[in-house]
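Chemist: Pasting a structure here, questions to come.
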Amino acid sequence: MVRREKLFPSDVMSKRERVEATLNHQAVDRAALLEQLSYNPGVIAWYTGKKIAGFDYTLADICEAVRKTLDLVMPPVAPRGTRQTVTESG
C-alpha cells in the first residue's frame, strides 16, 4: 500500500496530524501547506504529467496535484468555460 501522507523526506508528522495540531495550537514539524490549485493549470500539468491547455483538466487532475503537494486544501473546483480573459494589467 502506498501512503501519500508525507510531502517531504524530513516530515515527522502525517498530513492529518500536522493539520489537527495546527488547528489545536500545538507544535508541528513544519507549517501546513494550503493553496487553491483549482485555477492553476501550470501546477496541475506539472504534477500530473499531463499536457494541459487552458481549462483542459478535470477534478481528478486537481485532486492528484493536491495529494502530491498540499497538507490541506480549499474545496477543489473543476474548471468551467472554454477561454481565458486577460486584462490590460495582466
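The values are calculated or read from the model by the stated rules, or taken from the named source; none is laboratory data. Here the structure is a predicted model, which is why all the values come from computation and not from measurement. We place every Cβ from the backbone using ideal geometry, glycine too, and count neighbours over all the protein chains shown.
Chemist: Show the residue pairs meeting these rules: Cβ distance below 9 Å; 6+ apart or different chains; first residue within the range 24-53 and under 25 Å from S10 (Cα atoms); second residue among the polar types (S, T, N, Q) and crowded, with 17+ Cβ neighbours inside 10 Å.
Modeler: Partner pairs satisfying both residue conditions: V28/T22; A31/T22; A32/T22; I44/S38.
Chemist: Among the candidates A32, A45, which residue alone is at pLDDT 90 or above, in contact with an Asp or Glu (Cβ under 8 Å, 6 or more places away or on another chain) and among the aliphatic types (A, V, I, L, M)?
Modeler: A32
Chemist: I would also like to ask the following. Could you list, in sequence order, the residues of the range 73-87 that are among the hydrophobic types (A, V, I, L, M, F, W, C) and part of a loop (DSSP other than H, G, I, E, B)?
Modeler: Matches in the range 73-87: M74, V77, A78, V86.
Chemist: Just to be sure I understand, how many residues within the range 64-75 are without any contact (Cβ under 8 Å) to a residue 60 or more places away in the chain and surrounded by fewer than 17 Cβ atoms within 10 Å (Cβ to Cβ)?
Modeler: Number of matching residues: 3.
Chemist: Of everything in the range 44-62, what is in a loop (DSSP other than H, G, I, E, B) and either among the polar types (S, T, N, Q) or touching a Pro at 6+ places or on another chain (Cβ under 9 Å) (or both)? Give them in sequence order.
Modeler: Within the range 44-62, I52, A53, G54, F55, D56, Y57, T58 qualify.
Chemist: Would you please name the residue that is farthest from P79 (Cα to Cα), looking only at residues in the range 2-42 that are out of contact with any helix residue (DSSP H, G or I) (no Cβ under 6 Å at 6 or more places or on another chain) and of a type in the set (V, I, T)?
Modeler: V12
Chemist: Does the range 76-90 hold any residues that are farther than 29 Å from E17 by Cβ and exposed (fewer than 15 other Cβ atoms within 10 Å of the Cβ), and which are they?
Modeler: Residues satisfying the conditions are A78, R80, G81, T82, R83, Q84, T85, V86, T87, E88, S89, G90.
Chemist: Among the residues of the range 4-18, write down those that are farther than 11 Å from L70 by Cα and either assigned to a loop (DSSP other than H, G, I, E, B) or in contact with a strand residue (DSSP E or B) (Cβ under 6 Å, 6 or more places away or on another chain) (or both).
Modeler: Of everything in the range 4-18, those that are farther than 11 Å from L70 by Cα and either assigned to a loop (DSSP other than H, G, I, E, B) or in contact with a strand residue (DSSP E or B) (Cβ under 6 Å, 6 or more places away or on another chain) (or both) turn out to be P9, S10, D11, V12, M13, S14.
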